[in-house]
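For reference, the structure is listed below as structure tokens.
Nothing in this text is a laboratory measurement; each read-out follows from the coordinates by a stated rule. What you are looking at is a predicted structure, and each value in this text was computed from that prediction instead of being measured. As a convention, Cβ positions derive from the backbone with ideal geometry for all residues, glycine included, and neighbour counts pool all protein chains shown.
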């Protein structure tokens, strides 16, 4: 998740704060002043964190002055870098890759042919500028960088397209085989082991059901492999993520439905060999051990009893969910797939109480007097499987309290040899759960985001802003904006508004 953050530079140390498994050993805090532009926060993994923004300083000849601050993994400020950007340039996106930060701009409001990229080395602060020719009129949706290769994902005439640019030889080209009717880009993943760009396309077949085509490209944009999944009759594949092994074997994990429903019935695992053979395994939500743990105990028991009764009669109970897939993680030769279940909420225009008419999974309003009222998250789904694509275990992490108008990842995961740590932050409260396979080692716990001083009192937490992300090894970071009051500590402002970063670790 990427956010713009309105702050000024500052720093403090905090003593270790321990509650159960979770610690918050460091806090970076910066006061917010009126009129200043936002910072953007970017993880550089083991290299720390990067903050950057456009400042208020303007030189008519040089342009706007941009500021970048580098923090180490203890949240100490290492350096500050300043760079003038042309006054007409519009900021579009950013990424971090291999010790470099990349800032993407559009050169002028009316320039439809080019992009401009500022590439900054975090180790030396050396900056280089790159002009990228937009060789097709793509409407940009996503920007990322992979080993000196920029990847631009978007649409041309409402059809998907991907452009890549090599910063070494300044060569730009369109990935072949992406542009087409009835096609949507589901996932774009880069693999540093195989040096490939892997694209999952959602396409409608002759039977009108949806399936996936997986295409792998090298860094020159050449198509290396194309595989079209062949799901069972009357099954559509909805969402998915992929991973590739050094041997060339690929896995795709995602959600499926029956015929053409927009709601999933379960999860699938597709195993693709280098010889183009494929095996797809399907797992209905009714067959999961822990899928319904997010419910209250009585409701969970009722659902499981209904499943058992239907099974005795040789029938299956059908469940409808929307699941946002995250990633596939390898551990000790097996794999872990993660997704988050959610459903859209609606309210009636005739009601003065928002949320009075709130509907759960499977509801699809057909009347124009119902308005969208955000996505309600229910739980994260964690699925373990082996190299044969066989499900080994499942688990879940109840969310319940998250409502968002943007569909995005909330739960972050750290995978260790003996446990899996799950965290998310919502409304200034960190939620944690620790599992191993289908067992729960430490149930859901709540921790307030730690403040800087002992006598600080939180007056307001900026809603719908900030969050929590996995950082590196056993570290996460939480961030946001807070209004804080302190009436007792000397040399501390009575009232202050701050942007904060809290480092989070676990033992």
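From the C-alpha coordinates alone, can you work out the Kirkwood hydrodynamic radius of segment 405-452, in Å? It is 11.9 Å. Rounded, prolate or oblate for segment 358-507? Axes are the square roots of the Cα gyration tensor eigenvalues, ordered a ≥ b ≥ c, and the cut-off for rounded is a/c under 1.5. Oblate is the answer for segment 358-507, as a/c is 1.5 or above yet b/c matches or exceeds a/b. Here segment 172-195 is scanned for amide nitrogen atoms under 20 Å from the site 7 Å beyond the Cα of residue 147 along Cα-to-Cβ, giving 172-176, 188-195.
Note on 247, 414, 396: ascending count of other Cβ atoms within 10 Å places them as 247, 414, 396, the fewest first. Based on C-alpha pairs under 8 angstrom that are at least 6 apart in sequence, the chain has a relative contact order of 10 percent.
In a solvent-free Debye calculation with one equal scatterer on each Cα, what is log10 I(q)/I(0) for the chain at q = 0.12 Å⁻¹, listed in the order of the q values? Summing over Cα pairs of the chain leads to -1.31. Both radii are taken from the alpha-carbon atoms of segment 235-317; with Rh as the Kirkwood radius, Rg/Rh is 1.08.
Among 393, 471, a tally of other beta-carbon atoms within 10 Å of each Cβ gives an order, fewest to most, of 393, 471. One decimal place: the segment residue 401-residue 388 gains 1.1 nm when fully extended, by the rule 0.36 nm per residue minus the C-alpha distance. Full extension of the chain segment joining residue 463 with residue 488 gains 6.3 nm, where the gain is 0.36 nm per residue of separation less the Cα-Cα distance. For segment 88-179, what D do you get in µm² per second when you plug the Kirkwood radius from alpha-carbon pairs into Stokes-Einstein at 25 °C and 0.890 mPa s? The estimated diffusion coefficient comes to 182 µm²/s.
One chain, two ends: residue 206 and residue 43. Fully extended at 0.36 nm per residue, the span grows by 54.3 nm beyond their Cα-Cα distance. Sequence-distant contacts, meaning Cα pairs under 8 Å at least 6 residues apart, place the relative contact order of segment 88-179 at 19 percent. Taking all Cα-Cα distances within segment 150-283, those exceeding 18 Å account for 54%.
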